[in-house]
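The structure appears below as structure tokens.
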Amino acid sequence: MSLGKDIYDEEYKDYIKEDSLDDSENIEDYSCSGNSKIYVNCKLKVDFDTKNKMIYLYPGKSQYFTVDVLKSCGDVIIKYKDPYSEKGICGNLGIYRIIQSGIIVETYCKLDPKKNDILNFTAIDNCTKESYDFVVVFSFNPCRFHV
């Protein structure tokens, strides 16, 4: 019996060999052919983050959220996709006004934790004229709200 060799190492290697794919095997693509692809310009940083990106609102308060774009060159134009009036966007949680560098929200005094607001935007890269759709989600969590 060798001190440097473990019988579990051999079993592990056999197990890995059974599960590994060789180059001759084809991997089937089960993704939806319609809208499952994400196209990204090589100069634009796009990430799926595991952290919760929900924006939580406080009842009866005005809040201001700035836009943050990570890009290596050129300008990006961000447009709200749905109809917008001078009075703003009336949502379930408040009235949203889109300004030059962000969003101002005037929240209602009573907020329902079961409701949220989703604002749809398009970002247009001025260098390549490519566009990217994204959403901003607003919600109310009474556990996060402290008087």
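The values are calculated or read from the model by the stated rules, or taken from the named source; none is laboratory data. None of these values were measured; they are calculated from a predicted model. For neighbour counting, all protein chains shown are included, and Cβ atoms are generated from backbone atoms with ideal geometry for every residue, glycine included.
Does the range 91-108 contain at least one residue that is more than 15 Å from K61 (Cα to Cα), part of a strand (DSSP E or B) and among the hydrophobic types (A, V, I, L, M, F, W, C)? Taking every residue of the range 91-108 in turn, at least one turns out to be more than 15 Å from K61 (Cα to Cα), part of a strand (DSSP E or B) and among the hydrophobic types (A, V, I, L, M, F, W, C). A count restricted to the range 110-146 and to residues that are part of a loop (DSSP other than H, G, I, E, B) and not acidic (D, E) stands at 16. Filtering the range 117-137 to residues that are in contact with a Ser or Thr (Cβ under 9 Å, 6 or more places away or on another chain) and either exposed (fewer than 14 other Cβ atoms within 10 Å of the Cβ) or touching a residue at least 40 places away in the same chain (Cβ under 8 Å) (or both) leaves T122, A123, I124, D125, S131, Y132, D133, F134.
Look at the range 54-82: where a residue is closer than 14 Å to S131 by Cα and a partner is modelled with pLDDT of 90 or more and not hydrophobic (A, V, I, L, M, F, W, C), sitting 6+ places away or on another chain with Cβ atoms under 7 Å, you get K81/N120. Considered as a group, the residues in the range 116-147 that are of a type in the set (D, E, K, R) and touching a strand residue (DSSP E or B) at 6+ places or on another chain (Cβ under 8 Å) include one that is farthest from V76 (Cα to Cα), and that residue is R144. Among all residues of the range 107-121, there is at least one that is aromatic (F, W, Y) and more than 21 Å from N52 (Cβ to Cβ).
Identify the single condition in (1) more than 16 Å from F65 (Cβ to Cβ); (2) at pLDDT 90 or above; (3) out of contact with any Pro (no Cβ under 9 Å at 6 or more places or on another chain) that I103 does not satisfy, given that it satisfies every other one. With respect to (1) more than 16 Å from F65 (Cβ to Cβ); (2) at pLDDT 90 or above; (3) out of contact with any Pro (no Cβ under 9 Å at 6 or more places or on another chain), I103 is out only on (1).
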